[in-house]
Amino acid sequence: MSVALTSPVAHGPVQQEPLRVMLVDDSVVIRGMISRWLGSEPDIVVAASLRTGLEAVNQIERINPDIAVLDIEMPELDGISALPLLLAKKRNLVVIMASTLTRRNAEISFKALSLGASDYIPKPESTREATAAETFRHDLVQKIRHLGARARRSSHPTAAPSLAPAHDRVRDAALRAPAPVSAPVVKRSFSSQNPKALLIGSSTGGPQALMALVAEIGPVIDRFPVLITQHMPPTFTTILAEHLARASNRPAREAIDGEAVKAGHIYLAPGGRHMRVVRHGIEPVIALDDGPPVNFCKPAVDPLFASAVDVWQGATLALVLTGMGSDGMRGGKDIAAAGGSVIAQDEATSVVWGMPGAAAHAGICAAVLPLNQIAPKLVRLFSGDRS
């Protein structure tokens, strides 16, 4: 058994308490590396470092963490088996699944999201690769910080009405969590042109939001192309495309460089490559590239949004869903400047209101809506109703 405990932090002002993280991984190298990284962050403390899921389940009440970073493959009790047991003991626990980039682990990560995990993070195949390790470190710290802060806001509600409950824990938490008070959002008018394509950008919490959305916008998909950039690594995007196809009952797959963009299809940016749309003769086609990360992301939303202006001009409709950072805001500015429309998911239903919040506060949005109101609005807009 490998356990490193700190004493629970006394309850004081929420914003002053460091986030308590429980690391659960059978690799002593990974636990040591992550512990060093998190230990250097002033607002994060490693509350425990454990080797198996069984240790985590047995000790969670004593450790009382805000966040668990949970490996998938472990002896005694693996991550996917430990997940529901941990959530049963602490319902508001933020769980970030960690796994290597294999198809099996990608499938398990998606299953974990449906079981209540908040997010996932791919572990680098080798911690000796400086770039991969630094990306992993950046992403992990940001996920812990943003998801932990949101969980604390949810557990210290001010006074906010709940929206209609949903079936799974993640959707329920996203729909019901109160949002902090923020500055008023200035909204623009919707484009005077009927939209010809739907572009979507998403990150943290995106897979769950995308699955709910595509299931309700069949009339849009049937008549118009849908292009999606979700911050995800290779293999994971392959699995996400398969899930989107099942959820929408429409063709959905990773985009292929040079293929024509047609109505009735969902095109997903493949992990590790930026997706743009360009005009080839009279028809739009997919253009993939292996350029550097944009906004720390690859694929990134901004390249897709910005490229669409050259193809559809003011007939472009972009949607910014839940996610960390500000990706999509600059590309959204280009769309708005060209006369197109941008919609952002609202704060209360976003797992993290980074990307949609940046778009909303940039003054480029025609609407900022709860997740359950976005699909009906899209169906109306693509039917020519701009009211």
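What follows draws every value from the coordinates through simple rules; no lab data is involved. These figures come from a predicted structure and were not determined experimentally. Cβ atoms come from the backbone with ideal geometry, glycine included; neighbour counts cover every protein chain shown.
With the charge dipole of the stretch 14-155 set up from +1 on Lys and Arg Cβ and -1 on Asp and Glu Cβ about the Cα centre, the Cα lying farthest toward the positive end among the listed residues 124, 72, 28 is that of 72.
Here the simple spin-label model places points 7 Å from the Cα toward Cβ, and for residue 194 and residue 132 these points are separated by 4.9 nm. Full extension of the chain segment joining residue 36 with residue 373 gains 117.0 nm, where the gain is 0.36 nm per residue of separation less the Cα-Cα distance. By other beta-carbon atoms within 10 Å, ranking 333, 262, 123, 187 with the fewest at the front produces 262, 187, 333, 123.
Applied to the stretch 85-101, the Karplus parametrisation 6.51 cos²θ - 1.76 cosθ + 1.60 on θ = phi - 60° returns per-residue 3J(HN,Hα) values of 5, 5, 5, 5, 8, 9, 5, 8, 5, 8, 10, 10, 6, 10, 7, 7, 7 Hz, with x for Gly and Pro.
Positive-end ranking of 309, 344, 243 along the dipole of the chain, with charges on Cβ about the Cα centre, is headed by 344. Pairs of lysines in the chain whose Cα atoms sit within less than 16 Å of one another amount to 6, provided the residues are eight or more positions apart or on different chains. Placing +1 on each Lys and Arg Cβ and -1 on each Asp and Glu Cβ, with no other charges, gives the stretch 197-382 a dipole about its Cα centre of roughly 260 debye. Note on residue 222 and residue 91: with the Förster distance fixed at 35 Å, the Cβ-Cβ geometry gives a FRET efficiency of about 0.35. In this structure the amide hydrogen of residue 274, modeled in the peptide plane, comes within under 5 Å of the amide hydrogens of 289, 291, none closer than 5 places in sequence on its chain. Under the rule a/c < 1.5 gives rounded, and otherwise a/b versus b/c splits prolate from oblate, where does the stretch 197-382 land using the Cα gyration tensor? It is rounded, given that a/c, with a ≥ b ≥ c, falls under 1.5. Taken about its Cα centre, the chain carries a charge dipole of roughly 800 debye when the Cβ of each Lys and Arg holds +1 and the Cβ of each Asp and Glu holds -1. Decide, for the stretch 14-155, between rounded, prolate and oblate: order the square roots of the alpha carbon gyration tensor eigenvalues as a ≥ b ≥ c, take rounded if a/c falls under 1.5, and otherwise choose prolate if a/b is larger than b/c, else oblate. It comes out rounded by the Cα gyration axes. By the count of neighbouring beta-carbon atoms within 10 Å, fewest first, 296, 110 end up ordered 296, 110.
If you sort the three axes of the alpha carbon gyration tensor as a ≥ b ≥ c, you get a/c of 1.5 or more for the stretch 34-85 and a/b above b/c, which makes it prolate. For the chain, the convex hull spanned by the alpha carbon atoms encloses 130 Å³ per residue. Fewest neighbouring Cβ atoms within 10 Å first, the residues 37, 353 line up as 37, 353.
Any idea which of 135, 56, 105 is furthest toward the positive side of the dipole for the stretch 14-155, if Lys and Arg beta-carbons carry +1 and Asp and Glu beta-carbons -1? The one lying farthest along the dipole's positive direction is 56. Expressed to the nearest 5 percent, the antiparallel share of DSSP beta bridges inside the chain is 15 percent. When only the Cβ of Lys, Arg, Asp and Glu is charged (+1, +1, -1, -1), the dipole of the stretch 14-155 relative to its Cα centre reaches about 380 debye.
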